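Colleague: Take a look at this one; I'll ask things after.
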Amino acid sequence: MPHPVAVMADQVPPRMVPSNYPEPFATRMQGRIKRALGNVFGLSNFGVNLTTLEPGSISALRHSHSVQDEFIYILKGAPTLVTDDGETLLRPGMCAGFPAGSQNGHHLVNRSGSAVVYLEIGDRSRDDSVLYPDDDLKAVYEDGAWHFLHKDGMPYSK
């Protein structure tokens with residue numbers, strides 16, 4: 001199937017599955033809407049999401065990737081970036097990047113009364129793993145899928 005040349009980003013349908021996390025973590029992603037823009041164009045080396053965070057929602061569990069670089073660019077609203085270094089209030093036009101292997105756990109929190117809209121860009125590195133410093137969770141990417149484990153290595157049941 002051919003890919004479009006251009007689209008209206010906010011018209012791309014939202015992801016059907018709001019989160020890959022197992023419970024009890026998946027429900028914490030309520031209020032997050034991701035539109036997988038990179039998939040529309042058949043991009044395979046990196047992903048691009050147009051993400052909306054409703055008031056009170058978070059972008060992800062606080063995390064860091066072993067081999068994936070991540071980048072965010074704020075388009076609308078004022079989210080709080082939470083990292084190992086503390087909190088930073090962001091506004092439109094600001095961006096942040098997280099190099100692979102930095103182990104700097106990060107996520108966005110929308111503590112405002114208005115929606116936040118931002119672009120998130122990440123590579124699609126194989127053999128990635130993710131640390132979640134605040135939760136009993138770790139993830140490994142194997143055989144084309146994410147597998148979620150407790151920090152002691154026991155898998156989460158589906």
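Colleague: What number of residues within segment 38-60 satisfy the criterion of being in contact with a helix residue (DSSP H, G or I) (Cβ under 6 Å, 6 or more places away or on another chain) and more than 18 Å from Cys95 (Cα to Cα)?
Modeller: Summing the residues that are in contact with a helix residue (DSSP H, G or I) (Cβ under 6 Å, 6 or more places away or on another chain) and more than 18 Å from Cys95 (Cα to Cα) in segment 38-60 gives 0.
The rows are residues; the columns are (1) modelled with pLDDT under 95; (2) crowded, with 19+ Cβ neighbours inside 10 Å.
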{"site": "Gly38", "(1), (2)": "no, no"}
{"site": "Ser44", "(1), (2)": "yes, no"}
{"site": "Ser57", "(1), (2)": "no, yes"}
{"site": "His63", "(1), (2)": "no, yes"}
{"site": "Ser66", "(1), (2)": "no, no"}
{"site": "Ile72", "(1), (2)": "no, yes"}
{"site": "Thr80", "(1), (2)": "no, no"}
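Colleague: Taking segment 7-16, which residues are surrounded by fewer than 12 Cβ atoms within 10 Å (Cβ to Cβ), at pLDDT 95 or above and assigned to a loop (DSSP other than H, G, I, E, B)?
Modeller: Hits for segment 7-16 are Met8, Pro13.
Colleague: What number of residues within segment 129-156 satisfy the criterion of being more than 18 Å from His107 (Cα to Cα), out of contact with any Pro (no Cβ under 6 Å at 6 or more places or on another chain) and touching a residue at least 40 places away in the same chain (Cβ under 8 Å)?
Modeller: Qualifying residue count, segment 129-156: 1.
Colleague: State whether the residues of segment 123-133 include one that is within 24 Å of Ala36 (Cβ to Cβ) and touching an Asp or Glu at 6+ places or on another chain (Cβ under 7 Å).
Modeller: yes
Colleague: Tally the residues that are within 26 Å of Ala78 (Cα to Cα), outside any strand (DSSP E or B) and not charged (D, E, K, R), restricting the search to segment 22-56.
Modeller: Number satisfying all stated conditions: 10.
Colleague: Just name the residue that is farthest from Phe46 (Cα to Cα) out of those in segment 87-113 that are surrounded by 12 or more Cβ atoms within 10 Å (Cβ to Cβ) and in contact with a Pro (Cβ under 7 Å, 6 or more places away or on another chain).
Modeller: Checked segment 87-113; the qualifying residue farthest from Phe46 (Cα to Cα) is Ser112.
Colleague: Follow-up. Take the residues in segment 120-145 that are within 21 Å of Gln30 (Cβ to Cβ) and surrounded by 14 or more Cβ atoms within 10 Å (Cβ to Cβ); name whichever of them is nearest to the chain's Cα centre (by Cα).
Modeller: So, considering only residues that are within 21 Å of Gln30 (Cβ to Cβ) and surrounded by 14 or more Cβ atoms within 10 Å (Cβ to Cβ), the one nearest to the chain's Cα centre (by Cα) is Glu120.
Colleague: Assigned to a loop (DSSP other than H, G, I, E, B), over 13 Å from the mean Cα position of the chain (by Cα) and closer than 20 Å to Pro133 by Cβ: which single residue out of Ser19, Ser112, Ser102 fits that description?
Modeller: Result: Ser102 is the single residue among Ser19, Ser112, Ser102 that is assigned to a loop (DSSP other than H, G, I, E, B), over 13 Å from the mean Cα position of the chain (by Cα) and closer than 20 Å to Pro133 by Cβ.
Colleague: Evaluate the following for Gly97: is it at positive phi and either in a loop (DSSP other than H, G, I, E, B) or modelled with pLDDT of 95 or more (or both)?
Modeller: So Gly97 fails the test.
Colleague: Within segment 115-150, can you find the residues that are at pLDDT below 95 and assigned to a loop (DSSP other than H, G, I, E, B)?
Modeller: Passing the criteria: Arg124, Ser125, Arg126, Asp127, Asp128, Asp143, Gly144.
Colleague: Here is a further query. Any idea how many residues of segment 7-29 are among the acidic types (Asp, Glu) and farther than 24 Å from Lys151 by Cβ?
Modeller: Residues flagged as among the acidic types (Asp, Glu) and farther than 24 Å from Lys151 by Cβ within segment 7-29 amount to 1.
The values are calculated or read from the model by the stated rules, or taken from the named source; none is laboratory data. It should be emphasised that the depicted structure is a prediction, and the values quoted were computed from it without experimental measurement. Cβ atoms come from the backbone with ideal geometry, glycine included; neighbour counts cover every protein chain shown.
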